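Q: Take this structure, written in structure tokens, and hold onto it; I'll ask about it next.
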Amino acid sequence: MANVIVNRVIDFLKNFPPFSFLSAELLAQVAQEVDLVYYEKGEFLFQKGEPAKSYFFVVKEGAIKLTDHIEEKEETVEICDEGDVFGVLALLGKRPYILDAIADEPSLIIAVPVGIFEKVLEENNKVSLYFASGFASGQVVVRSGLSQTQKVRALFGGKANHYGLMLFSGQTSIQYSHPVIHCHTGNNIAEAVEKMSRGKVGSIIIVDENKHPRGIITDKDLRNRLIAQNLPYDTPVEKIMSHPVVTAGKDLEFSQVYLNMVKHRLHHLVFTEDGSADSPLLGIISDHDILLSQGNSPAVLIKALQESHDIHELAKLRNQAEGMLKYFLENELAIDFIAGILTEINDTLIRQAIAMARARHEANFPEVRDMQFCFLALGSEGRGEQLLRTDLDNAIVYEDVSEELKEKAQDYMHLLARDVMDILFACGFLSCPAEMMANNPRWCQPLSQWKDYFSQWIREPDPQSLMMATIFFDFRAVSGKQALAEALTQHVYEAISQGKLFLNFFAKNALLNPPPLGFFRNFMVEKSGKHAEKFDIKLRAMMPLADAARVLILSHQVVGINNTFKRYEKLAELEPQQAALYRDAGKAYEIFMRIRALEGLSTDSSGRFIQPDSLSKLQRQLLKNAFFPIDEIQKILKVRFQLDYFGN
């Protein structure tokens, strides 16, 4: 092939994976060996059942349609356009083709010989992982392997050069302090203090005769429980120790330990042989150890939020979290970890806002100031999935009071809700267009009214009720009396068990948003309005998976799991025969969350509407693979809830 053509092939291929992962030398070797083949519209490149050829294909110009015949009907599986790779079964075991490939328009194709590329596969792990993960078009036999897809994304993802918010510093294993300063039950405080002084530590673990941890005494315990109470130093350690201790296993990953300590406000975590309090003590790690090892971390930010009572300071701190989120995403931290951290930051902010509102108003309402209430997060925040500061969905449930106190209770709760929402708006969150927020009196109600709401939605599942259920059924207690939320949850399940057809209606509602069946040229973009020609990742990708998970988890009567990917983890456990599909659905949802968050940060928007042309080829292929579980999950809903026979 003439040098000018070789150079043009190089210039083209270097822009598309997997060729973009090759060195200049390797790419030049490949380009020397390829052929350029022209196909007229309607001409077959290969047909289903034919033996695999000695080369695979790359679309340089035009479009190739991959089709299958199902029940004597031709169905388009995919449209391949510029830069798409297909026909890779020649590389994956030389099996016959499982689809037809036909030119959808006049097309120029690059045919890449297997022989030259086998050397590339051996020498470049990025390329081999790319193909093994099902990124090539039409490679449906491996498309369900989304765990491999995630490995590819991590491998290919560019790393940021900014290390100011480094979270783990490459750290994956636990580096706890050992041996641990400890004393035995039966020892007195004087003996414990002497050991703490000798070891120059601020805490001591109390163990039994088997060296199992039974409690912990810290400097704070000595101040508050010994000195302040005027107790003698011969007091038994059991009298003032904090117990039980929170324990963890020695094999726990650093990220799990870190998130656990942040979430539960732990100052110390004790490590034992098997992770329980009934096994020998191994080590201890403190929040101070964590902060020293991690520098600028979420724990520091959360602590600052807890200590701030100034709206401007809270807003400034919440803005810092945005930079932290960007860093986490760019450095490919796990989405469940990122979501856990952002949820805890948002929850901490809400709790501070509530504390500030109560301090402002409770003196004016002495009759109801001690009334129990619970602030509920709804929608994506209720599921622990709100990475960006998009619009808020929340509510307040409070205990029922006597008739003479009803008006006072309403006034007090409405004032609290108003102030809390004002603080959240000042911190960059957006108002819900449908006003599904606690500052709307309709969504700030006593428990009895909330029970009536849910009963009506379940008893009369019309479109409006189903929309309400979709939002409100993901409620999560953020602050206040959790028993109120638990009582509401119990009522919901009791009402569903009585309203037998509700889940059928709910499942049918979950099918309102089918996934895109094709990609790129078949991309189901918005046809009009300000988001015309943009892909709605929330409507087309995230909602179908979130809605399906909600229905399925309700059908199993599982309580306490709101998060979509954790729901799929639980479903995999409950239905082993569908475990692989459910795990893939959870991974797909994480991919959609990541792409939406990155889009939102880059465009200063909600990230919901994405311009397809702005996505890289790899991102489009990543999305394409992630669409696969949606269709399969929706098929399960259709069969399980008999939706083909179920009327409106």
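Q: Tally time: how many residues in the range 588-603 are within 18 Å of Lys570 (Cβ to Cβ) and more than 9 Å from the chain's Cα centre (by Cα)?
A: 1
Q: Let me ask something additional. In the range 553-566, which residues are without any contact (Cβ under 8 Å) to a residue 60 or more places away in the chain and open to solvent by less than 10 Å² (accessible area, probe 1.4 Å)?
A: Result: Ile553, single match.
Q: Please specify each residue of the range 619-648 satisfying the condition of being touching a residue at least 40 places away in the same chain (Cβ under 8 Å), open to solvent by 40 Å² or more (accessible area, probe 1.4 Å) and within 30 Å of Glu82 (Cα to Cα).
A: Selection gives Phe628, Asp631, Glu632.
Q: Return yes or no: is Leu615 open to solvent by less than 60 Å² (accessible area, probe 1.4 Å), of a type in the set (A, V, I, L, M, F, W, C) and at pLDDT 90 or above?
A: no
Q: Out of the residues in the range 54-64 meeting the condition of being of a type outside the set (Phe, Trp, Tyr) and in contact with a Leu (Cβ under 9 Å, 6 or more places away or on another chain), tell me which one is most open to solvent (accessible area, probe 1.4 Å).
A: Glu61
Q: Could you pull out the residue among Ala321, Ala363, Ala339 that is in a helix (DSSP H, G or I), free of Cβ contacts under 8 Å to residues at least 60 places away in the same chain and surrounded by 21 or more Cβ atoms within 10 Å (Cβ to Cβ)?
A: Answer to the selection: Ala321.
Q: Right, here's the next one. Say we look at the range 27-53 and pick out the residues that are part of a strand (DSSP E or B) and open to solvent by less than 30 Å² (accessible area, probe 1.4 Å); which of these is farthest from Ile98 (Cα to Cα)?
A: Applying the filter and picking the extreme gives Tyr39.
Q: On to the next question. Modelled with pLDDT of 95 or more and either closer than 22 Å to Leu415 by Cβ or part of a loop (DSSP other than H, G, I, E, B) (or both): which single residue out of Ala477, Ala483, Ala487 fits that description?
A: Only one candidate qualifies: Ala477.
Q: Kindly indicate the residue of the range 572-618 that is outside any helix (DSSP H, G or I) and free of Cβ contacts under 8 Å to residues at least 60 places away in the same chain and also nearest to Ser431 (Cα to Cα) among those meeting that condition.
A: Among them, the one singled out is Ser605.
Q: Taking the range 266-319 as the search range and keeping residues that are modelled with pLDDT of 85 or more and acidic (Asp, Glu), which one is farthest from the chain's Cα centre (by Cα)?
A: That would be Asp278.
Q: In addition: Within the range 73-187, which helices (runs of 4 or more DSSP H) (wholly inside it) include 1 or more residues that are at pLDDT 80 or above?
A: In the range 73-187, 114-123 are the helices (runs of 4 or more DSSP H) which contain 1 or more residues that are at pLDDT 80 or above.
Q: Taking into account only those residues within the range 378-422 that are surrounded by 20 or more Cβ atoms within 10 Å (Cβ to Cβ) and β-branched (Val, Ile, Thr), which is nearest to the chain's Cα centre (by Cα)?
A: Among those residues, the one meeting the criterion is Thr390.
Q: Which residue is nearest to Asp370 (Cα to Cα), if the candidates are limited to the range 391-427 and must be at pLDDT 95 or above and in contact with a Ser or Thr (Cβ under 7 Å, 6 or more places away or on another chain)?
A: Checking each candidate, the answer is Asp400.
The values are calculated or read from the model by the stated rules, or taken from the named source; none is laboratory data. Treat the numbers as computed from the prediction; the structure is a model and nothing was measured. Glycine gets a Cβ as well: all are built from the backbone with ideal geometry, and neighbour counts include every protein chain shown. Areas reflect the complete protein model, heavy atoms only, side chains present, ligands, DNA and RNA absent. Shrake-Rupley method; radii C 1.70, N 1.55, O 1.52, S 1.80 Å.
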